[in-house]
Amino acid sequence: MAVGWEALDRWGEDVARIEPLTAGGVNEVWSVRVNGQLAVARLGRRSDRRSDVDLAWETELLRYLDREGMAVPVPIPTTDGRDFVDGLVVMSYVEGGPPETEAEWRRVADTFRQLHRLTRDWPQRPGWRSSIDFLHVETATRIDLGAMPPEGVARCRAVWARLSGRERCVVHGDPTPGNIRMTADRVGLIDWDESRVDVPDLDLVLPYNAVGLDDDTYDVAAQAWAAWDAALGYTSGYHEFAAERLAEVRAP
């Protein structure tokens, strides 16, 4: 059975890795060439390898968003029609660069709003929880609140509680410049590894307050996103990063 990068041969004979696009972290990501076309391959590290139902959720979401006209990485199937093999996914390459100006960030904001409109009834990613769910649970796929200082858990839950009652939809989960690919006529979103169903405000903490949130909503969203990053960081062992993000979450 194909294991790890050996599974790449499931995409045909004319396929090869070119260069790594990430270092460390949960996944290994490489640029690859498949049948003469530039693409991107992502392999979960063995200890963090996602389940088939998790990857099926992500690939189905990306195909849906592509059909709806959004610029996202589209899964490239294996020669026998599968979207992934042993944690390995190959996706189309999305051209473009990060946003820089206020006008560009406003275009990004419109794209996130489109994502949220399109996915209001989308089911939760298998095994995942929203930030609001963590008011009542301790663990989910990539978060264990037991790894965080108890005082930090209380601060995170206090800010997540302020999101209660908000609508939920798919959020990208990591709306940083490196995950945005802009051209003159479209805004692309890549790296959907943190996507899940949650409160849309978590995607809208953008430079220049590009979405136009009022001051209180923006402040709560910024703290809630920092709380999520802190919980991920403590769970994953990145304590320095987690402590920096937790410092942004004020005591109630």
Which ³J(HN,Hα) values, rounded to whole Hz and listed in residue order, are derived for the stretch 191-202 from phi using the Karplus coefficients 6.51, -1.76 and 1.60 in 6.51 cos²θ - 1.76 cosθ + 1.60 with θ = phi - 60°, glycine and proline given as x? 6, 9, 5, 9, 5, 6, 8, 7, 7, x, 4, 5
For Cα extents along the principal axes in Å, calculated from these coordinates, the label among (1) 58, 41, 33; (2) 49, 47, 37; (3) 50, 42, 36: (1)
Kindly rank 82-93, 206-217, 138-149, 224-235 from highest to lowest mean number of other beta carbons found within 10 Å of each residue. 224-235, 82-93, 138-149, 206-217
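Quick check: from the Cα gyration tensor, does the stretch 102-252 come out rounded (a/c under 1.5), prolate or oblate?
Prolate, since a/c reaches 1.5 and a/b exceeds b/c.
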In the stretch 102-246, with Lys and Arg counted as +1 and Asp and Glu as -1 at Cβ, which of these residues, 177, 123, 163, has the Cα nearest the positive end of the dipole, that is, farthest along it? 123
Nearest 20 debye, what's the magnitude of the dipole of the chain about its Cα centre given +1 on Lys and Arg Cβ and -1 on Asp and Glu Cβ? 360 debye
Quick one: Karplus J couplings for the stretch 241-250, per residue in order, coefficients 6.51, -1.76, 1.60, θ = phi - 60°, nearest Hz, x for Gly and Pro? 4, 4, 5, 5, 6, 4, 4, 7, 9, 7
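Each value in this text was obtained by applying a stated rule to the coordinates, not by laboratory testing. Quick caveat: nothing in here was measured; it's all calculated off a predicted structure. In this analysis, Cβ positions are derived from the backbone assuming ideal geometry, glycine residues included, and neighbour counts consider all displayed protein chains.
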